[in-house]
1. Thr90 accessible area, nearest 10 Å², 1.4 Å probe?
2. Please work out the FRET efficiency for the pair His99 and Ala33, using the Cβ-Cβ distance as r and a Förster radius of 41 Å; give the result to the nearest 0.05.
3. Before I look further, what does region 29-142 give for accessible area per residue, probe 1.4 Å, in whole square angstrom?
4. To the nearest 10 square angstrom, how much accessible area does Glu19 have with a 1.4 angstrom probe?
5. Just add up the charged neighbours of Leu107: K/R +1, D/E -1, any other residue whose Cβ is under 9 Å from the Cβ of Leu107.
6. To the nearest 0.05, what FRET efficiency results for Asp60 and Arg10 with a Förster distance of 22 Å applied to their C-beta separation?
7. What's the local net charge at Arg154, with K and R +1, D and E -1, over the other residues with C-beta under 13 Å away?
8. Only helical DSSP H runs with n ≥ 4 go in: add -39500 (n - 2.57) per run for the chain, normalise by residue count and round the 222 nm mean residue ellipticity to 500 deg cm²/dmol.
Amino acid sequence: MTALQVRAGRKDEARLLTELALRSKGHWGYDQAFLDACRAELTLTSQDVEAQRVTVAERDGHLVGFYALAGEPPQGTLEDLFVEPDHIGTGVGRVLWAHAIDTARTLGFERITLEADPRAEPFYLAMGARRCGSVPSGSIPGRVIPLLELAITRA
(Lines give C-alpha, C1' and ligand atoms only; values in the text may rest on other atoms or scores of the structure.)
Protein backbone atom coordinates (compact mmCIF):
# COMPACT_ATOMS: atom_id res chain seq x y z
CA MET A 1 0.00 0.00 0.00
CA THR A 2 1.42 3.38 -0.97
CA ALA A 3 1.61 6.45 1.22
CA LEU A 4 -1.42 8.61 1.80
CA GLN A 5 -1.44 11.85 -0.19
CA VAL A 6 -3.35 14.88 1.11
CA ARG A 7 -4.28 17.66 -1.30
CA ALA A 8 -6.90 20.31 -2.00
CA GLY A 9 -10.17 18.97 -3.33
CA ARG A 10 -11.18 19.83 -6.88
CA LYS A 11 -14.54 21.20 -7.95
CA ASP A 12 -15.04 18.31 -10.37
CA GLU A 13 -14.84 15.85 -7.43
CA ALA A 14 -18.02 17.07 -5.71
CA ARG A 15 -20.15 14.11 -6.84
CA LEU A 16 -17.45 11.59 -5.90
CA LEU A 17 -17.08 13.19 -2.46
CA THR A 18 -20.84 13.12 -1.91
CA GLU A 19 -20.94 9.40 -2.66
CA LEU A 20 -17.92 8.79 -0.41
CA ALA A 21 -19.72 10.64 2.43
CA LEU A 22 -22.80 8.46 2.01
CA ARG A 23 -20.75 5.25 1.97
CA SER A 24 -18.90 6.39 5.08
CA LYS A 25 -22.15 7.24 6.87
CA GLY A 26 -23.45 3.81 5.88
CA HIS A 27 -20.50 2.22 7.71
CA TRP A 28 -22.37 2.86 10.96
CA GLY A 29 -25.15 0.45 9.98
CA TYR A 30 -27.79 2.95 8.95
CA ASP A 31 -30.44 1.63 6.58
CA GLN A 32 -31.07 2.97 3.08
CA ALA A 33 -34.05 5.10 4.19
CA PHE A 34 -31.83 6.86 6.74
CA LEU A 35 -29.08 7.41 4.15
CA ASP A 36 -31.61 8.73 1.64
CA ALA A 37 -32.83 11.21 4.26
CA CYS A 38 -29.22 12.36 4.78
CA ARG A 39 -28.39 12.72 1.08
CA ALA A 40 -29.29 16.41 0.75
CA GLU A 41 -27.30 17.36 3.83
CA LEU A 42 -24.28 15.33 2.72
CA THR A 43 -24.31 16.55 -0.88
CA LEU A 44 -21.37 18.71 -1.89
CA THR A 45 -21.53 21.05 -4.86
CA SER A 46 -18.56 22.29 -6.81
CA GLN A 47 -19.02 25.64 -5.02
CA ASP A 48 -18.91 23.88 -1.63
CA VAL A 49 -15.59 22.27 -2.50
CA GLU A 50 -14.00 25.68 -2.84
CA ALA A 51 -15.93 27.65 -0.20
CA GLN A 52 -15.48 24.98 2.49
CA ARG A 53 -11.78 24.38 1.84
CA VAL A 54 -12.33 20.72 1.01
CA THR A 55 -9.19 18.66 1.41
CA VAL A 56 -8.95 15.06 0.21
CA ALA A 57 -6.80 12.07 1.06
CA GLU A 58 -5.95 9.66 -1.71
CA ARG A 59 -4.03 6.46 -1.97
CA ASP A 60 -2.99 4.85 -5.24
CA GLY A 61 -4.97 7.52 -7.11
CA HIS A 62 -8.24 6.74 -5.29
CA LEU A 63 -10.04 9.07 -2.91
CA VAL A 64 -10.11 7.51 0.56
CA GLY A 65 -11.35 10.43 2.65
CA PHE A 66 -11.93 14.15 2.92
CA TYR A 67 -12.75 17.00 5.24
CA ALA A 68 -14.34 20.42 4.79
CA LEU A 69 -13.33 23.42 6.91
CA ALA A 70 -15.67 26.41 6.71
CA GLY A 71 -15.85 29.81 8.34
CA GLU A 72 -13.53 32.72 8.87
CA PRO A 73 -11.17 33.29 11.78
CA PRO A 74 -11.47 33.24 14.65
CA GLN A 75 -14.36 30.71 14.45
CA GLY A 76 -14.48 27.76 12.08
CA THR A 77 -16.61 24.71 11.47
CA LEU A 78 -15.49 21.25 10.49
CA GLU A 79 -18.36 20.59 8.10
CA ASP A 80 -17.33 17.09 7.07
CA LEU A 81 -14.79 14.43 7.81
CA PHE A 82 -15.49 11.16 6.02
CA VAL A 83 -13.37 8.09 5.28
CA GLU A 84 -14.07 5.24 2.86
CA PRO A 85 -15.41 2.32 4.93
CA ASP A 86 -12.57 -0.04 4.01
CA HIS A 87 -10.08 2.59 5.21
CA ILE A 88 -11.76 3.33 8.56
CA GLY A 89 -9.41 2.30 11.34
CA THR A 90 -6.28 2.60 9.19
CA GLY A 91 -5.26 6.11 10.29
CA VAL A 92 -6.82 8.08 7.42
CA GLY A 93 -9.22 9.87 9.79
CA ARG A 94 -6.38 10.81 12.13
CA VAL A 95 -4.32 12.20 9.24
CA LEU A 96 -7.26 14.23 7.98
CA TRP A 97 -8.07 15.50 11.49
CA ALA A 98 -4.46 16.58 12.08
CA HIS A 99 -4.35 18.28 8.69
CA ALA A 100 -7.63 20.10 9.40
CA ILE A 101 -6.36 21.37 12.76
CA ASP A 102 -3.02 22.47 11.26
CA THR A 103 -4.91 24.27 8.48
CA ALA A 104 -7.23 25.94 10.99
CA ARG A 105 -4.24 27.07 13.04
CA THR A 106 -2.45 28.44 9.95
CA LEU A 107 -5.59 30.35 8.93
CA GLY A 108 -5.85 31.93 12.38
CA PHE A 109 -8.82 30.01 13.76
CA GLU A 110 -9.04 29.97 17.54
CA ARG A 111 -11.89 27.49 17.78
CA ILE A 112 -13.68 25.00 15.57
CA THR A 113 -17.01 23.31 16.14
CA LEU A 114 -18.51 20.26 14.53
CA GLU A 115 -21.77 18.37 14.58
CA ALA A 116 -20.82 14.72 14.99
CA ASP A 117 -22.63 11.55 14.14
CA PRO A 118 -23.22 9.96 17.56
CA ARG A 119 -21.33 6.85 16.44
CA ALA A 120 -18.31 8.95 15.39
CA GLU A 121 -18.25 11.06 18.56
CA PRO A 122 -15.71 8.77 20.34
CA PHE A 123 -13.22 9.41 17.52
CA TYR A 124 -13.50 13.18 17.89
CA LEU A 125 -13.26 12.99 21.69
CA ALA A 126 -10.10 10.88 21.32
CA MET A 127 -8.72 13.58 19.00
CA GLY A 128 -9.14 16.22 21.72
CA ALA A 129 -12.54 17.72 20.95
CA ARG A 130 -15.02 18.13 23.79
CA ARG A 131 -18.78 18.01 23.81
CA CYS A 132 -20.29 21.45 24.26
CA GLY A 133 -23.95 20.67 23.58
CA SER A 134 -26.27 19.09 21.07
CA VAL A 135 -28.18 20.25 18.02
CA PRO A 136 -31.09 18.95 15.96
CA SER A 137 -30.15 16.81 13.00
CA GLY A 138 -30.37 18.59 9.69
CA SER A 139 -31.72 15.42 8.08
CA ILE A 140 -33.78 13.39 10.54
CA PRO A 141 -36.66 15.14 12.35
CA GLY A 142 -36.53 14.55 16.10
CA ARG A 143 -32.94 13.30 16.08
CA VAL A 144 -30.39 15.17 18.19
CA ILE A 145 -26.65 14.96 17.53
CA PRO A 146 -23.58 15.97 19.54
CA LEU A 147 -22.07 19.42 19.11
CA LEU A 148 -18.32 19.35 19.72
CA GLU A 149 -15.64 22.00 19.89
CA LEU A 150 -11.89 22.25 19.90
CA ALA A 151 -9.81 25.23 20.99
CA ILE A 152 -6.97 25.74 18.54
CA THR A 153 -3.71 26.30 20.34
CA ARG A 154 -0.88 28.26 18.81
CA ALA A 155 2.15 26.20 17.86
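The values are calculated or read from the model by the stated rules, or taken from the named source; none is laboratory data. These numbers come from a predicted model, not from an experiment. Note: ideal-geometry Cβ built from the backbone for every residue, glycine included; neighbour counts use all protein chains shown. The area values use the complete protein model at the heavy-atom level, side chains included, leaving out ligands, DNA and RNA. Shrake-Rupley method; radii C 1.70, N 1.55, O 1.52, S 1.80 Å.
1. Roughly 80 Å² of Thr90 is accessible to a 1.4 Å probe.
2. 0.75
3. Value for region 29-142: 49 Å² per residue.
4. 60 Å²
5. +1
6. According to the calculation, E is roughly 0.80.
7. Value of the local net charge: 0.
8. Taking each H run of at least 4 residues, the total per residue is -10000 deg cm²/dmol.
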